[in-house]
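For reference, the structure discussed in these notes is given below.
The values are calculated or read from the model by the stated rules, or taken from the named source; none is laboratory data. Please read all numbers here as calculations on a predicted model, not as lab measurements. We place every Cβ from the backbone using ideal geometry, glycine too, and count neighbours over all the protein chains shown. When the accessible area is computed, the model is the full protein with side chains, heavy atoms only, and any ligands, DNA or RNA have been set aside. Shrake-Rupley method; radii C 1.70, N 1.55, O 1.52, S 1.80 Å.
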Amino acid sequence: MKAGKSDISGWLMGRAPWRLWAAPAVVLGAMAGHVGRSTPDGGMDNAIVVRAAGAWLTGGSPYADPHFLYLPSAVLAAVPQALLPLTALRVLVPLTVTAFLAAGWACALRVHDVPLRSRFAALGLTGLAGAFAPFGHLVLLGNWTVTAALALPLGLLLVSRGRWVAAGAVIGAAVALKPLLAPMALLFVFARRWRALGVLVLVPTAASATAALALPDPAGFLTHTLPFLLRGHDDFVRLYEASPAAVLPRLGMPSPLAKAAALLACAAGVACAYRRWRRADPGPLRLAETSATLMLSAFLVSRPSYDHYLMVVLPLLLAGLPYPGSAARSPWFWLALAPQIPGLIWPYLELPRRRAFKDAFTLYTLMVAVGCQSLRRSRARPSGPNAEVRVRRPPVQATRAEAPF
């Protein structure tokens, strides 16, 4: 903003009074409490993993359930839950998911050097929880996507501090629990961080190989899960997928063309991510927007691709709002989020099975908003594709003379 005018950015970056933190506390508490009362097992998706662990404890194969889509290492990780009573899970799971999402938002803020005690931190968390439906869906389902929603900003925070190997370990551990962050390996390729890339690959590989030896069906992921994914799931699950390969056939496009369109969109997204990285402008936006573009590109082609996957990238993008030129300042960014306002009913999309069309609009429009950032020219002199990402940036401090808004 110009000097002499109302400085909203300075107000947002200022320290929030304790009364303002009551808003996210009430919203998050009410959400977790509602899920605890309404779900007897802590969430439908979490229950799938817990049942798989329970099957292993009784000598069965976790992959007998076709909807268990995780690596073998996730089976052993879910064993502690399988030993708990359902009354404990219905309380602990929504609380844990909510805490992970809040921690992910905190890490995203620190990636952008936004103070954790700022008004923007409190209001942003309130907005994510209360005005973005996938946040509530993730808490309701207890889906393990929440591990990626925390691991990605935490990994980028480590990268911004120059700790690439530690970041590779964090992201690799998240992949071992759910392979959602596997596309982040490309970021390490872009940066030519081969040692960190090796750690990222080694952690889930070693964990899964070790866990597979303890399963009655060590190759179950390859023989059961991969064929199920390649077929595009069953007819029921396909109704909730937002990828072009799932949505476009429902609009009349032949399935082969829809799959080709998804692959082309993914390839274009990866190219945009590489260009965004090569631009090498200083500041935290390079890391956040390159990573978000990679993940959104993967969501365009992955099967499945659900609305709560967006919680992996949205906090990172929203936390960049104080910076001029960020994707969060694009009108396309806010247009993409409009269909996800809770309680907003769209004509002809009232039925739950038509929700995928709203989710697809959000995914595709958000991809456009972030992808277009790679087309902008940097005002700073590029430092090359192998430039170090440093965190010793001046923190975001708004003044009347120079405000980030």
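Do we have any residue at all in the stretch 199-206 that's more than 29 Å from residue 286 (Cβ to Cβ) and either within 18 Å of the chain's Cα centre (by Cα) or aliphatic (A, V, I, L, M) (or both)?
Scanning the stretch 199-206, I find at least one residue that is more than 29 Å from residue 286 (Cβ to Cβ) and either within 18 Å of the chain's Cα centre (by Cα) or aliphatic (A, V, I, L, M) (or both), so the answer is yes.
With the structure loaded, tell me whether residue 325 is of a type outside the set (S, T, N, Q), part of a loop (DSSP other than H, G, I, E, B) and free of Cβ contacts under 8 Å to residues at least 60 places away in the same chain or whether it fails that test.
yes
May I ask you to list pairs of residues, at least six apart or on different chains, whose Cβ atoms are under 6 Å apart, with the first in the stretch 35-61 being at pLDDT below 95 and open to solvent by less than 10 Å² (accessible area, probe 1.4 Å) and the second being among the polar types (S, T, N, Q) and not in a helix (DSSP H, G or I)?
none
Quick check on my filter: what residues within the stretch 64-115 are among the β-branched types (Val, Ile, Thr), part of a helix (DSSP H, G or I), more than 21 Å from residue 211 (Cα to Cα) and open to solvent by less than 20 Å² (accessible area, probe 1.4 Å)?
Scanning the stretch 64-115 gives 93, 97, 98, 111.
Out of the residues in the stretch 238-272 that are hydroxyl-bearing (Ser, Thr, Tyr) and in contact (Cβ under 8 Å) with a residue 24 or more places away in the chain, state the one that is least open to solvent (accessible area, probe 1.4 Å).
Here the answer is 243.
Every residue, every condition in (1) closer than 22 Å to residue 270 by Cα; (2) in contact with an Asp or Glu (Cβ under 7 Å, 6 or more places away or on another chain); (3) modelled with pLDDT of 95 or more, yes or no:
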{"position": "152", "(1), (2), (3)": "yes, no, yes"}
{"position": "159", "(1), (2), (3)": "yes, no, yes"}
{"position": "169", "(1), (2), (3)": "no, no, yes"}
{"position": "175", "(1), (2), (3)": "yes, no, yes"}
{"position": "179", "(1), (2), (3)": "yes, no, no"}
{"position": "182", "(1), (2), (3)": "yes, no, yes"}
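Looking at the stretch 301-314, which of the residues that are part of a helix (DSSP H, G or I) and open to solvent by 10 Å² or more (accessible area, probe 1.4 Å) is nearest to residue 133 (Cα to Cα)?
For the stretch 301-314, the residue satisfying everything is 309.
Looking only at residues that are at pLDDT below 85, assigned to a loop (DSSP other than H, G, I, E, B) and open to solvent by 70 Å² or more (accessible area, probe 1.4 Å) in the stretch 5-33, which one is nearest to residue 118 (Cα to Cα)?
Step by step, filter the stretch 5-33, then rank; the result is 6.
Residues checked against (1) of a type in the set (Asp, Glu); (2) touching a residue at least 40 places away in the same chain (Cβ under 8 Å); (3) on the phi < 0 side of the Ramachandran plot:
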residue	(1), (2), (3)
310	no, yes, yes
317	no, yes, yes
329	no, no, yes
337	no, yes, yes
342	no, yes, yes
348	no, no, no
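Can you tell me which residues in the stretch 330-352 are open to solvent by 80 Å² or more (accessible area, probe 1.4 Å) and within 20 Å of residue 153 (Cα to Cα)?
Residues satisfying the conditions do not exist here.
Please pick out the residue among 208, 160 that is out of contact with any Phe, Trp or Tyr (no Cβ under 8 Å at 6 or more places or on another chain), surrounded by 18 or more Cβ atoms within 10 Å (Cβ to Cβ) and touching a residue at least 60 places away in the same chain (Cβ under 8 Å).
Residue meeting the stated conditions: 160.
Applying the selection to the stretch 179-205, what residues are in contact (Cβ under 8 Å) with a residue 12 or more places away in the chain and open to solvent by 70 Å² or more (accessible area, probe 1.4 Å)?
Hits for the stretch 179-205 are 192, 195, 201, 202.
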